[in-house]
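The values are calculated or read from the model by the stated rules, or taken from the named source; none is laboratory data. Please read these numbers as outputs of a predicted model, since none were measured by experiment. Positions of Cβ are generated from backbone atoms using ideal geometry, with glycine treated the same way; all protein chains shown enter the neighbour counts. We work out accessible area using only protein heavy atoms, side chains counted, and drop any ligands, DNA or RNA first. Shrake-Rupley method; radii C 1.70, N 1.55, O 1.52, S 1.80 Å.
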Amino acid sequence: MAGSQLPLEDEESPLPLEDAELALAGINMLLNNGFRESDQLFRKYRNHSPLMSFGASFVSFLNAMMTFEEEKMQLACDDLKATEKLCESEEAGVIETIKNKIKRNADGRKSAPSMMDRLQRQIIVADCQVYLAVLSFVKQELSAYIKGGWILRKAWKIYNKCYMDINTLQEVYQKKITQESLTSDAANDNHIAAEGLTEDSLNRLKGAVSFGYGLFHLCISMVPPNLLKIINLLGFPGDRLQGLSSLMYASESKDMKAPLATLALLWYHTVVRPFFALDGSDNKAGLKEAKEILLKKEAAYPNSSLFMFFKGRIQRLECQINSALTSFHTALELAIDQREIQHVCLYEIGWCSMIEMNFKDAFESFERLKNESRWSQCYYAYLTAACHEVDDSSSVGLKNLLLGAIHKCLGNSEDAVQFFQRAVKDGLCRQNNLYIQPYACYELGCLLLDNPETVPRGKILLLQAKEEFTGYDFENRLHVRIHAALASLREVVPQ
């Protein structure tokens, strides 16, 4: 943690803690706003073990993704490749070798721990490949997409194999422990210890692989139907429940990625579920789980800008706008050296200010966002249009769409319906902002689904948004939302 003082010794000196404990401490330090201290710690000890090398590469990757600076992205690639090279080892025979040694009751003092180390290295290789794929995707080139997809496929194969191997090892270990407890054979007890197979070590490895394994399942489960067939052909599965279960396991483990799994779960429950409308019009679905996570981790991350941001997300979704603004402003202040976190806070502050009709504060937030982030130009152009009197006929549709969204957030359904209807009827949208009409159709359709008498009309609008419009910004994103809304409708009213 940022406030913790861990000795930063010379590279030749031994680690102050076991590498697994030190790596976890380094990630916790990062999450408590100690980004520089975490980077310094990992780089100081990066040559001591594959785990510390991966920690240094992960911080480098995170820094690149927070800045999108070419120099830092190249440095992250170099660091990840160096870690991957360090971890290269033979993959075949890991599970069979350990199982055979246990069955033969052989002396495994030298070989068994190395087998556990090999599993750890394979997981790190898969992690590195995932982050290298992300860096490749950022280039937004066709060749980069192809390369990134191939790297992800390789990573998934490693995750899947390690996950199955570790599960088998846990079963073998438990079975052996049970047998030895029945025989009370002291020699066998000593043998198990010599193998290096302990419940804690296996659980930590299971947590290490569960992070990547769970993220794969969760992310692919949310892919739009028109892309899902292609992804399935590449061999990627997509079981949402398996993904959530694996991330929960990882978050409770003692692996260095446990805090990252916790953040992934908070991100899913407070951002992904409402953003993609995975629960239909119920924006509060998932808040119970998110609150439980925050409450459980509150003591460990008292000054974390990220955890404060997610607290604000929960408050916003519960329509506690004043409290949300307080949390987002606090997160903004805490994220002194974390520019990208500041940007998402500014974005949320702008939206919350708009919901309160405080257009002055909203404008200031979006103006600052525009000046500080090259990735937010589109948000600025769209959102500030609602902060002024709009006379330009080409922008009226956008104004109505935004006003409809604001009234929907405020719970003013009748006003929201009127604004969405105006946006749907705005013919100039077809010439200027193609996304306005399909999004207005979707929003209006979802509102009508809330009233049993208007459900048929709502369904027609959803299908209209899906089938009558194409070639607009964020089309796949909207299709995911429409798919979720129609699926939810089928569960309530069987076809």
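Note on segment 169-209: residues that are surrounded by 13 or more Cβ atoms within 10 Å (Cβ to Cβ) and either part of a helix (DSSP H, G or I) or modelled with pLDDT under 65 (or both) amount to 24. Per the listing E367, E468, the residue uniquely closer than 30 Å to Q342 by Cα, in contact with a helix residue (DSSP H, G or I) (Cβ under 8 Å, 6 or more places away or on another chain) and either at pLDDT 80 or above or not aromatic (F, W, Y) (or both) is E367. Filtered by the rule that a residue be surrounded by fewer than 18 Cβ atoms within 10 Å (Cβ to Cβ) and part of a helix (DSSP H, G or I), segment 465-474 gives a lone residue, E467. Which residue is most open to solvent (accessible area, probe 1.4 Å), if the candidates are limited to segment 248-273 and must be within 22 Å of Q120 (Cβ to Cβ) and among the basic types (K, R)? Restricting to residues being within 22 Å of Q120 (Cβ to Cβ) and among the basic types (K, R), the top hit is K254.
Conditions tested, residue by residue: (1) part of a helix (DSSP H, G or I); (2) within 26 Å of F310 (Cβ to Cβ).
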{"position": "L30", "(1), (2)": "yes, yes"}
{"position": "H48", "(1), (2)": "no, no"}
{"position": "K72", "(1), (2)": "yes, yes"}
{"position": "L86", "(1), (2)": "yes, no"}
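At least 1 residues being at pLDDT below 95, on the phi < 0 side of the Ramachandran plot and in contact with a Leu (Cβ under 8 Å, 6 or more places away or on another chain) is the threshold, and among the helices (runs of 4 or more DSSP H) wholly inside segment 219-281 those reaching it are 240-251, 258-267.
Might you let me know whether segment 101-118 holds any residue that is at pLDDT 90 or above, part of a helix (DSSP H, G or I) and closer than 23 Å to A20 by Cβ? Checking segment 101-118: not a single residue is at pLDDT 90 or above, part of a helix (DSSP H, G or I) and closer than 23 Å to A20 by Cβ.
One residue is enough: does segment 435-446 have a residue meeting the conditions in contact with a Lys or Arg (Cβ under 8 Å, 6 or more places away or on another chain), among the hydroxyl-bearing types (S, T, Y) and modelled with pLDDT of 90 or more? Looking through segment 435-446, at least one residue is in contact with a Lys or Arg (Cβ under 8 Å, 6 or more places away or on another chain), among the hydroxyl-bearing types (S, T, Y) and modelled with pLDDT of 90 or more.
Just one of (1) more than 24 Å from D282 (Cα to Cα); (2) of a type in the set (D, E, K, R); (3) modelled with pLDDT of 80 or more fails for E475. It is (1). The numbered conditions (1) modelled with pLDDT of 90 or more; (2) open to solvent by 10 Å² or more (accessible area, probe 1.4 Å); (3) in a helix (DSSP H, G or I); (4) not polar (S, T, N, Q) are all true for L80 except (2). Can you find, within segment 300-334, the residue that is surrounded by the fewest Cβ atoms within 10 Å (Cβ to Cβ) among those that are of a type in the set (A, V, I, L, M) and under 21 Å from A261 (Cα atoms)? Ranking the qualifying residues of segment 300-334, first place goes to A300.
Filtered by the rule that a residue be over 31 Å from the mean Cα position of the chain (by Cα), of a type in the set (V, I, T) and open to solvent by less than 60 Å² (accessible area, probe 1.4 Å), segment 420-464 gives V424, T454, V455. Just to be sure I understand, how many residues within segment 1-46 are more than 26 Å from the chain's Cα centre (by Cα), at pLDDT 90 or above and farther than 24 Å from I336 by Cα? Total satisfying the criteria: 1.
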